[in-house]
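Here is the structure we will look at, set down as structure tokens.
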Amino acid sequence: MEIVGYIFDNLGLIGERTLEHVAIVVVAVGLAILTGVPIGIAITQNQRAADIVLYVAAIIITVPSIALFGVMIPVLSVIGQGIGYLPAVIAVLLYSQLPIIRNTYTAISNVDPALREAAKGIGMTAAQRLRQVEIPLAVPVIMAGVRTAVVMNIGVAAIAAYIGAGGLGTFISRGISQTDPRQLITGALAVSVLAVAADFALLWLQRRLTPRGVSIPR
Amino acid sequence: MIRLDELTKIFDTPSGQVVASDRVDMEVPEGEICVLLGPSGCGKTTTMKMVNRLIEPTSGKIFIGDTDVTKQNPIELRRTIGYVIQQIGLFPNKTIEDNICAVPDLLGWDRKKSRARAAELLEMVALDPGTFLKRYPKELSGGQQQRVGVIRALAADPPVMLMDEPFGAIDPINREVIQDEFLRMQGDFKKTIMFVSHDIDEAVKMANRIAIFDAGKLIQYDAPDDLLAHPKNSFIADFVGGDRTLKRLRLITVGDAMMSDPPTVRAEDTLADAAAKMEEHGHISIVMVGPKGRARGIVYLSDARGAKGRVGENHKKLPASINAREDLRTAVSMMFTHDETSLAVVDDDGFYKGYVTQRGITHLLGATYRDA
Ligand SMILES: Nc1ncnc2c1ncn2[C@@H]1O[C@H](COP(=O)(O)OP(=O)(O)OP(=O)(O)O)[C@@H](O)[C@H]1O
Ligand SMILES: [Mg+2]
């Protein structure tokens, strides 16, 4: 009951922290889409490049976020941004690469070779094939990668509270340092709700973006 | 016209070089269907794909009309060549209409014009435009998709078409229907077509000329009847099959094989006259025709000889007659069914035109061998 009271008393603050949290994830994943999708498409042209890129992305994702923040503090301090928003965005950006690149790569390379051949055979340029055939068909899988990235990084962004990036993680870090279960639980709850809500929102978007002819069951 | 000049393709593979096309020389005349035929891996697809440059030749030349296609921009070239593949390859994210209009759209045609053409083409393959234009490929049956695949290739009215086992994925009954449909369209469109098949019966049916390949080499290139009648070597003879003479029956129409200006009798003639006519021609029966010349009945020599009366009261029902446009395979089948050695031939209006006999057919098929 105490917790419910705490939440109601602090709705404004929760909203503010949620916005901070969303700002980190949306900007970082947005940038990750802008980089990851082209990289994912580009590496379909070269098996060796694909192996290397996917390997590097997989290694990045195994680095614990705390360690990543630790590494960035001295580096970014050079421009006076050792802690705060920027390193949080960079971390999320890096962690998002693997799901987005891998899903894009898989989706594009799994386009039915017969379709590729038909598209080529009727005289589409490589760009036309991508835009008219390959990307529309890959959209559901690419979007699934984006969803994975967002949900995973809502968690990562919570930890970024420790380097002063704000967001819902602040409740958790303060809850721990002040041994205040109300803040701790509020933070954990809000992060979970945000992750689930984001997943549903993106699922809806994924369905909207999937061409109708592709989603028809058969 | 498509002309291949010493066309060669050598693939470098980890296990060595593969000569997929070996100095192929051939010409597909304007408006004809040339079927490339041969065992799996003999180089049919490779040879065909060099024409639209999906595969670059190792050496040799390809001409369409007077243009050397190896000097042309491949993207522009492909937009002028209709292309149909066995896997169909309709774009699942596009409606049937947009699939059919894919090439016109690439060429920047006026939308109204291309959409009208899509509807027109759908009608030609007996698919209702109202129902199908806005559907997606997944909402069509395999046979319907295959038809759309063919008309997509026709949409921009290319003079030349390449078809790689276009009807290979369809069940035999539907395949016959689509083949007939396609031949009817070809009758109007007169495209110059290279058509890959591995089915000798399909080749005999579709082709003006058949090119048989073995291990990358063009072994024989001839009209279907010549190929069946005169296989160049034992490979070809084996490939076309032991029943190759029976296959030829399909290629000859009853009209071409029949004896025309046949003797006839009328209802008012006497049996004695009928018997005399049969004896004069050495026939064992004679057809009775109506006032305008329609086949009405038959009189047998055994019944007429020495009998009195008129043909009108003494004729029998005609056991079977056949339209002059049917092929000899149908005629022979009918003879066996009715246990007859000859059949009356009629035209579309039922007028008696002549007759075909088993002896005549045997003789006709045999003649090409004797002339050889
Ligand atoms: N890209 C390639 N790389 C290496 N070898 C190839 C390639 N494409 C075809 N070949 C080889 O070239 C030969 C001819 O192949 P092709 O596909 O033209 O045969 P096909 O006559 O169309 O056979 P099928 O009836 O099975 O379709 C085969 O031995 C095949 O293995
Ligand atoms: Mg083939």
Q: Go through region B:102-112 residue by residue and tally those that are in a helix (DSSP H, G or I), closer than 16 Å to B:Pro158 by Cα and more than 8 Å from chain A (Cβ to nearest Cβ).
A: 2
Q: Only residues that are more than 9 Å from ligand 2 (Cβ to nearest atom), basic (Lys, Arg) and touching a strand residue (DSSP E or B) at 6+ places or on another chain (Cβ under 7 Å): list them for region B:37-65, please.
A: B:Lys61
Q) Can you name the number of the only condition in (1) touching a strand residue (DSSP E or B) at 6+ places or on another chain (Cβ under 7 Å); (2) touching a residue at least 24 places away in the same chain (Cβ under 8 Å); (3) crowded, with 17+ Cβ neighbours inside 10 Å that B:Val69 fails? A) (2)
**Q.** Some residue of region A:89-107 being in a helix (DSSP H, G or I) and within 14 Å of another protein chain (Cβ to nearest Cβ)
**A.** yes
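Here are some residues: B:Arg175, B:Arg135. Which one is in a helix (DSSP H, G or I) and of a type in the set (Lys, Arg)?
None of the other options fit; the residue is B:Arg175.
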(Q) A:Gly213 - would you say it is in a helix (DSSP H, G or I), among the small types (Gly, Ala, Ser), in contact with a Pro (Cβ under 9 Å, 6 or more places away or on another chain) and within 14 Å of another protein chain (Cβ to nearest Cβ)? (A) yes
Q. Is it fair to say B:Phe182 is within 16 Å of ligand 2 (Cβ to nearest atom), open to solvent by less than 60 Å² (accessible area, probe 1.4 Å), aromatic (Phe, Trp, Tyr) and away from every other protein chain (no Cβ under 14 Å)?
A. no
Q: Read through the list (1) buried (at least 16 other Cβ atoms within 10 Å of the Cβ); (2) of a type in the set (Val, Ile, Thr); (3) away from ligand 1 (no atom under 16 Å from the Cβ), then give the number of the only condition that B:Thr47 fails.
A: (3)
(Q) Please verify whether A:Val191 is more than 14 Å from every other protein chain (Cβ to nearest Cβ), buried (at least 20 other Cβ atoms within 10 Å of the Cβ) and in contact with a Ser or Thr (Cβ under 8 Å, 6 or more places away or on another chain), treating the condition exactly as stated. (A) no
Q: Need at least 2 residues that are at the interface with another protein chain (Cβ under 9 Å from one of its Cβ atoms) per element, so show me which strands (runs of 3 or more DSSP E) inside region B:28-101 make the cut, counting only ones lying wholly within it.
A: B:81-85
Q. Mind checking which pairs have a first residue in region B:165-191 that is within 16 Å of ligand 1 (Cβ to nearest atom) and a second that is in a helix (DSSP H, G or I) and open to solvent by 20 Å² or more (accessible area, probe 1.4 Å), Cβ under 8 Å, 6 or more apart or different chains?
A. B:Phe167/B:Arg175; B:Ala169/B:Gly142
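The values are calculated or read from the model by the stated rules, or taken from the named source; none is laboratory data. Everything quoted here is computed from the prediction, not taken from an experiment. Positions of Cβ are backbone-derived with ideal geometry, glycine not excepted, and every protein chain shown enters the neighbour counts. Each accessible area value is taken on the protein alone, full model and side chains, heavy atoms only, with ligands, DNA and RNA left out. Shrake-Rupley method; radii C 1.70, N 1.55, O 1.52, S 1.80 Å.
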